[in-house]
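In what follows, a single structure is set out as structure tokens and then discussed.
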Amino acid sequence: MKIEDRLLTPGVSHGRSGRSMVPKGVVVHYVANPGSSALANRNYFENGSGGAGVSAHYIIGLNGEILRCVPDTERAVHAGKSYGLAWNEMAKTNNSRLIGIECCHPAIDGKFNSHTIDSLVELAADLCKRYKLDPLKDVYRHYDVCGKMCPLYYVNHASDWNVMKNKIKAMYDRIMIST
Ligand SMILES: [Zn+2]
């Protein structure tokens, strides 16, 4: 797995407050901008968010490329807003404990292509290994932790999300045996 470092400039306006974090889980997002590249989304975090200061730790592109934007042990800004009463309390702590992965997608339905899925499975499994997380319990959709319709396709197709989680678990089991 190749991860390219494209760290955002430190500073709150770039979604990098510099506050430290101990990873307790992984949150999967979709970029909601069909056909856009990982680098374009990274540059939006860097420049284009109008000072809103949103970010994610990783972005996975349509060719499976993985860009690292924020170090794992530093807080990013990706899941702190609640989209329903049920998530109000959880949303307050999400960004202080969860690693965010944004995924690019070809079309408006938000379905990831096979290159993006392969890299997501590998990255999520590796993060579970690194931080002693359970691939079946500690990998979430953005929807699960604050009610947002994200990643859209996998909120609308829960069975496909289960397939994804099982792929992550299978990859995790493989890398735990081989190392
Ligand atoms: Zn999201």
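Would you pick out the residues in the range 130-143 that are touching a Phe, Trp or Tyr at 6+ places or on another chain (Cβ under 9 Å) and within 16 Å of the ligand (Cβ to nearest atom)? Selection gives Arg141, His142, Tyr143. Among helices (runs of 4 or more DSSP H) entirely within the range 103-179, having at least 3 residues that are among the basic types (Lys, Arg) and at pLDDT below 95 singles out no element at all. If only residues of the range 5-63 that are within 13 Å of the ligand (Cβ to nearest atom) and out of contact with any helix residue (DSSP H, G or I) (no Cβ under 8 Å at 6 or more places or on another chain) are counted, the one that is farthest from Lys137 (Cα to Cα) is Asn41. All conditions in (1) away from the ligand (no atom under 15 Å from the Cβ); (2) part of a helix (DSSP H, G or I); (3) out of contact with any Asp or Glu (no Cβ under 9 Å at 6 or more places or on another chain); (4) touching a residue at least 40 places away in the same chain (Cβ under 8 Å) hold for Asn88, with the sole exception of (4).
Condition test on Glu102, is it surrounded by 15 or more Cβ atoms within 10 Å (Cβ to Cβ), within 16 Å of the ligand (Cβ to nearest atom) and of a type in the set (Asp, Glu)?
For Glu102, the condition - surrounded by 15 or more Cβ atoms within 10 Å (Cβ to Cβ), within 16 Å of the ligand (Cβ to nearest atom) and of a type in the set (Asp, Glu) - is met.
The single residue among Tyr44, Tyr83 that is part of a loop (DSSP other than H, G, I, E, B), more than 11 Å from the chain's Cα centre (by Cα), surrounded by fewer than 24 Cβ atoms within 10 Å (Cβ to Cβ) and not polar (S, T, N, Q) turns out to be Tyr83. The single condition from (1) away from the ligand (no atom under 16 Å from the Cβ); (2) over 21 Å from Asn162 (Cβ atoms) that Leu127 fails is (2).
The values are calculated or read from the model by the stated rules, or taken from the named source; none is laboratory data. Owing to the predicted nature of the structure, the values given are computational and were not obtained by experimental measurement. No Cβ is skipped: glycine too gets one built from the backbone with ideal geometry, and neighbour counts run over all protein chains shown.
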